[in-house]
Amino acid sequence: MKLQGVKVVDLSTFLPGPYMTLAMADHGAEVIKIEQPGEGDPGRHIGLSDGEHTVFFRNINRGKRSLAVDLKSDAGRERVLALVDAADVFVESFRPGVMKRLGLDASTLRARNPRLVYCSISAFGQDSARPAHDLAVEAMSGTLSMGLGNDGQPAMPGIPWSDVLSGLHALSGVLMALYRRETTGQGDTIDVSMLDSMVGASLNILGPTFVHDRQPNPLHERTTGGSAFYRVYRTLDGKHVALAGQEPKFVTVLLSALDRPDLSPLVLQGPGEHQAPVMAFLEAEFSKRTRDDWDRWLAELDVCYGPVRTLPEVIADPGLVARGTVLRDAQGRPHIGSPIRFADEPARLNLHPPSLGEYAAS
């Protein structure tokens, strides 16, 4: 596998860091997960369980090795330092300053192992020790203000985007550093901020802010509610269909099939209030058939759309099962496969989530 031979010492908890090291473990890296004795990673206690572990924990910690270490003890720190001396990557997600107090900061560890890639993930970067989880970061990034519910208030996100994005940015940074190390022989120190990650993901919605120094109006913008062809519609059975393509060919094909090609010019003018008649027409049309009826009918057209599915429907999707995106272990429990697919040296998933301290006993 691509990362075979790479050794990772992972002190991160919850989601961002474990999400990153999951990808590394799936592709062959040896990930040693350092946990506090007794309770371990808080993810071990979040949500429902379908066996020894919570689904939350096993989903993002499979294939890793757990070592229970008291980082405040001399013996515990020495155990971690010994691992670091032979490691390629070190990951932590404590508040800035904690690693320094523990004697496990980047300067200390890289002095011992100059080839080490040291990655810190925090809410606001290493300049701020302010605590925050995903929702607070999304609020402070401005992105929460762009997703409005039916009551006009910021809608709760369905996925903790700043957690996931910071994990992906951390993965990218670590892989870049490992690649560069092949030339320089030196590791690097990486500072990933959840807030930076969210702001960095906002590039496509910043036009009104950059040009006019104003807050975009979500209900008038291209991808947040101002386009009839980038919008969710309720169907006869109370379910929904999302139109998700504003290119002229998609607009023309659908409106012609619905015998209203005269509405196309309103859509092709771009997003805004002038599209209200098109939205009203499509709302009325979608209310006449069930979601699955629309799915079958739209599938015959060259239209960019998607039925809004529930998570159980997604897990049962034959296409996702065939691709290995959804798979099951020997006990029949579902798992999500790696979304990174190589033609050569693909991921080989170890679906075993480690028991707390299991590595010490091995």
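Annotations
- Near pairs, Cβ below 7 angstrom, 6+ apart or cross-chain, from region 83-102 (more than 9 Å from Val8 (Cα to Cα)) to any residue that is of a type in the set (Gly, Ala, Ser) and at pLDDT below 95: Arg95/Ala129; Pro96/Ser128; Pro96/Ala129; Gly97/Ala129
- Residue ID - least open to solvent (accessible area, probe 1.4 Å), chosen from residues in region 339-362 that are under 14 Å from Arg58 (Cα atoms) and in contact with a His (Cβ under 7 Å, 6 or more places away or on another chain): Pro353
- Within this structure, Asp259 passes the test of being on the phi > 0 side of the Ramachandran plot and either in a helix (DSSP H, G or I) or open to solvent by 60 Å² or more (accessible area, probe 1.4 Å) (or both).
- Which numbered condition Val278 fails, given (1) over 24 Å from the mean Cα position of the chain (by Cα); (2) open to solvent by 50 Å² or more (accessible area, probe 1.4 Å): (2)
- Annotation note: Cβ proximity below 9 Å between a residue of region 139-150 that is without any contact (Cβ under 8 Å) to a residue 24 or more places away in the chain and on the phi > 0 side of the Ramachandran plot and a residue that is open to solvent by less than 30 Å² (accessible area, probe 1.4 Å) and among the aromatic types (Phe, Trp, Tyr) (sequence gap 6+ or interchain) occurs for no pair.
- Looking across region 69-94, the residues that are part of a loop (DSSP other than H, G, I, E, B) and surrounded by 14 or more Cβ atoms within 10 Å (Cβ to Cβ) come down to Val69, Leu71, Ala87, Asp88, Ser93, Phe94.
- Pairing residues of region 169-181 that are free of Cβ contacts under 8 Å to residues at least 40 places away in the same chain with residues that are surrounded by fewer than 17 Cβ atoms within 10 Å (Cβ to Cβ) and of a type outside the set (D, E, K, R), at Cβ distances under 9 Å and at least 6 apart in sequence or on separate chains, gives His169/Gly200; Arg180/Gln186.
- Total residues in region 288-319 satisfying the condition of being more than 19 Å from Ser256 (Cβ to Cβ), among the β-branched types (Val, Ile, Thr) and in contact with a strand residue (DSSP E or B) (Cβ under 9 Å, 6 or more places away or on another chain): the figure is 3.
- When region 175-190 is filtered for residues that are surrounded by fewer than 17 Cβ atoms within 10 Å (Cβ to Cβ) and part of a helix (DSSP H, G or I), the ones remaining, listed by number, are Met176, Tyr179, Arg180, Glu182, Thr183, Thr184.
- Residues being part of a loop (DSSP other than H, G, I, E, B) and open to solvent by less than 40 Å² (accessible area, probe 1.4 Å) - total across region 8-66: 12
- From the list Arg309, Arg296, Arg341, the one residue that fits, being closer than 26 Å to Ile32 by Cα, basic (Lys, Arg) and without any contact (Cβ under 8 Å) to a residue 60 or more places away in the chain, is Arg341.
- Selected residue (only one of Val192, Val253 is in contact (Cβ under 8 Å) with a residue 12 or more places away in the chain and closer than 30 Å to Phe90 by Cα): Val192
- For region 306-315, the count of residues that are open to solvent by less than 70 Å² (accessible area, probe 1.4 Å) and over 25 Å from the mean Cα position of the chain (by Cα) is zero.
- Residue satisfying all of: in region 217-246; open to solvent by 70 Å² or more (accessible area, probe 1.4 Å) and over 23 Å from Arg291 (Cα atoms); farthest from the chain's Cα centre (by Cα) among these: Leu219
The values are calculated or read from the model by the stated rules, or taken from the named source; none is laboratory data. Fair warning: this is a prediction, and the values are worked out from it, not measured in the lab. Please note: Cβ atoms are built from the backbone with ideal geometry, for glycine as well, and neighbour counts cover all protein chains shown. Note: accessible area is taken over every heavy atom of the protein model, side chains too, but ligands, DNA and RNA are not part of it. Shrake-Rupley method; radii C 1.70, N 1.55, O 1.52, S 1.80 Å.
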